[in-house]
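The values are calculated or read from the model by the stated rules, or taken from the named source; none is laboratory data. The structure displayed is predicted, hence computed values, not measured ones. No Cβ is skipped: glycine too gets one built from the backbone with ideal geometry, and neighbour counts run over all protein chains shown.
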Amino acid sequence: MYSESISKVIWEDVLDADIVFISFFTFAAPRGYELAQYIKKNSKAIVVIGGLHASMNYTEAVLYCDYVLLGEGDESVLEFINAIKTGSPLDFPGIAYKKGDRIISTGERKPPENINTIPDRNLLYNFKKMAGHNTIWAQVHASRGCPHSCDYCAVVRHFGRRVRTRTPDNIVEDIRQAIEFHDRRRFPRILKILWITDDNFFAERDWAISVLKAIIASGIKYTFTIQARYEVGFDDEMLSLLKQAGFSQLAMGIEFLEDDSFAQFHKASNYDDIVRSIANIQKHGINVRGLFIMGADNHTKGVGYRLAHFVEQHDIRGVLIQSMYFIPGTPAYEAKNTQLIHKDWSKYRGHVVHHPKNISAYDLQKEIIGASRRIYSVKNTIKALLTRTWNEKLLYIGECFWQRSVRSDLKRELPNLK
């Protein structure tokens, strides 16, 4: 297995394969298609594309490969390989392909129920060598699916509304293996953090509590971070267990600061509850990182200033600020596709790609840049370095460099947006 974020692809290895599987998110689709076409041109391999973007936009993806696998690939990859080996018809659910001028789909595939597989991290080429790098965190994914229906979110469309979970013992063992894999270095990592990457870990409350209790009982002493909706901030038992288990930060999907924006995209949140949630999480000794979206219909000039003021006022420890997401297959994409500036998927990673209703695309991009610059100002940097813990200082310094890189990318696009 290869990931271009880890290493270069060894083409001598890839081009003699019988089947090559390629998976990507929307922002990486152009590169994924480029790789697929290169492999088709230079080998006899069957090229199969999968992943979130291809599953939700298979009529596009099928133009660049032999087959598209729809949905989660845990079981369908194996079934596909066996069918090719035995010459059996590829007619099981979850396949799309082009036949003449027609695009054939065998329909949706039922999601796998058993997701207890612990990944063999050694299968990813060069990952072991890179794992000690402090920008690469240990990661464990414990559940799939989300019961909510936010219009801009692709998770529920890809993984379904029913939450499927791994067993607590299986998750703890995965955590052990992830820590061992990343800490097995001659020189220890400076910053030791493991990210539970679930989009909505707290959706199944009883299960989440059982997982946290299993981590505590395991005796694992590590620092964890996790994503959360604001509701977890009202669950004192959950917050207490998170603190005991070693969770130092929650990345909260705040998204907006206006109730009208929440209503527009069917996000079941409101401003007052979010403020109360943040305060209670911090009361339990856990930091909050804010995930924000700009570009709702009611956003105007000054939205970036309001966001930055909110972050400073409520002591938000780090932010992700992105323009509205438009992933093909989501309600937000269907409702707003006539407002899109282009379909250069490489920009669909939080950059402004649409014409907002009450602010120009150019001004919205400037608002994002300005909010980032204010939050990570020299004044705030000095304050963070003087008052925060060692781990928090390292995280903040990393955020500063990353935010500077993001701002640089956004600035390069301003002339075209103008």
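A compact table of results
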| read-out | value |
| --- | --- |
| Yes/no for F262 being surrounded by 17 or more Cβ atoms within 10 Å (Cβ to Cβ), of a type outside the set (A, V, I, L, M) and free of Cβ contacts under 8 Å to residues at least 12 places away in the same chain | yes |
| Checklist (1) surrounded by fewer than 19 Cβ atoms within 10 Å (Cβ to Cβ); (2) aromatic (F, W, Y); (3) touching a strand residue (DSSP E or B) at 6+ places or on another chain (Cβ under 9 Å); (4) farther than 30 Å from Q313 by Cβ applied to W195, failing item | (4) |
| Whichever residue in the range 305-348 is β-branched (V, I, T) and part of a loop (DSSP other than H, G, I, E, B) and, among such residues, is surrounded by the fewest Cβ atoms within 10 Å (Cβ to Cβ) | I341 |
| Test: residue in the range 205-216 that is within 20 Å of N391 (Cβ to Cβ), assigned by TED's automatic domain parsing to the domain that holds I397 and basic (K, R) | no |
| Qualifying residues in the range 136-158 (those that are of a type in the set (S, T, N, Q) and under 25 Å from L212 (Cα atoms)) - the one farthest from the chain's Cα centre (by Cα) | S143 |
| Any hit, the range 172-187, residues being over 14 Å from the mean Cα position of the chain (by Cα), in the same structural domain as A214 (by TED's automatic domain parsing), surrounded by fewer than 16 Cβ atoms within 10 Å (Cβ to Cβ) and among the hydrophobic types (A, V, I, L, M, F, W, C) | yes |
| All positions within the range 16-33 that are over 28 Å from P331 (Cα atoms) and surrounded by fewer than 16 Cβ atoms within 10 Å (Cβ to Cβ) | D16, A17, D18, I19 |
| Number of the condition not met by L124 [criteria: (1) at pLDDT 95 or above; (2) within 30 Å of L395 (Cβ to Cβ); (3) buried (at least 20 other Cβ atoms within 10 Å of the Cβ)] | (3) |
| Single unsatisfied condition, K129 versus (1) closer than 22 Å to R189 by Cα; (2) surrounded by 15 or more Cβ atoms within 10 Å (Cβ to Cβ); (3) not aliphatic (A, V, I, L, M) | (2) |
| Index of the failed condition, I190 passing every other in (1) within 22 Å of the chain's Cα centre (by Cα); (2) surrounded by fewer than 20 Cβ atoms within 10 Å (Cβ to Cβ); (3) not small (G, A, S) | (1) |
| Enumerated helices (runs of 4 or more DSSP H) restricted to the range 127-184, each holding at least 2 residues that are closer than 24 Å to L395 by Cβ and of a type in the set (A, V, I, L, M) | 168-183 |
| Residue within the range 185-195 that is closer than 27 Å to A61 by Cα, aliphatic (A, V, I, L, M), modelled with pLDDT of 95 or more and out of contact with any His (no Cβ under 6 Å at 6 or more places or on another chain) present | no |
| Criterion: out of contact with any Lys or Arg (no Cβ under 6 Å at 6 or more places or on another chain) and closer than 23 Å to L123 by Cα - qualifying residue of L63, L52, L90 | L52 |
| Given (1) under 30 Å from F401 (Cβ atoms); (2) surrounded by fewer than 21 Cβ atoms within 10 Å (Cβ to Cβ); (3) in contact with a Gly (Cβ under 7 Å, 6 or more places away or on another chain), index of the condition S248 fails | (3) |
| Answer from F224, F310, F234 - the residue that is aromatic (F, W, Y) and under 23 Å from the mean Cα position of the chain (by Cα) | F224 |
| Qualifying residue in the range 225-236 (condition: hydrophobic (A, V, I, L, M, F, W, C), within 24 Å of L395 (Cβ to Cβ) and assigned to a helix (DSSP H, G or I)) | yes |
| Some residue of the range 203-210 being surrounded by 20 or more Cβ atoms within 10 Å (Cβ to Cβ), in a helix (DSSP H, G or I) and modelled with pLDDT under 95 | yes |
| First in the range 384-401 and hydrophobic (A, V, I, L, M, F, W, C), second anywhere and in a helix (DSSP H, G or I) and surrounded by fewer than 17 Cβ atoms within 10 Å (Cβ to Cβ), Cβ under 7 Å, 6 or more apart | A384/K393; L385/K393; C400/T381 |
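Table: residues versus (1) at pLDDT 95 or above; (2) under 14 Å from I22 (Cβ atoms); (3) surrounded by fewer than 22 Cβ atoms within 10 Å (Cβ to Cβ); (4) assigned by TED's automatic domain parsing to the domain that holds G94.
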{"residue": "K40", "(1), (2), (3), (4)": "yes, yes, yes, yes"}
{"residue": "A45", "(1), (2), (3), (4)": "yes, yes, yes, yes"}
{"residue": "A54", "(1), (2), (3), (4)": "yes, yes, no, yes"}
{"residue": "A61", "(1), (2), (3), (4)": "yes, yes, no, yes"}
{"residue": "L69", "(1), (2), (3), (4)": "yes, yes, no, yes"}
{"residue": "I81", "(1), (2), (3), (4)": "yes, no, yes, yes"}
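So that you can scan it fast, the table gives a plain yes or no per residue for (1) assigned by TED's automatic domain parsing to the domain that holds Y305; (2) part of a loop (DSSP other than H, G, I, E, B); (3) free of Cβ contacts under 8 Å to residues at least 60 places away in the same chain:
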site: L239; (1), (2), (3): yes, no, yes
site: S248; (1), (2), (3): yes, no, no
site: A268; (1), (2), (3): yes, yes, no
site: S277; (1), (2), (3): yes, no, yes
site: L291; (1), (2), (3): yes, no, no
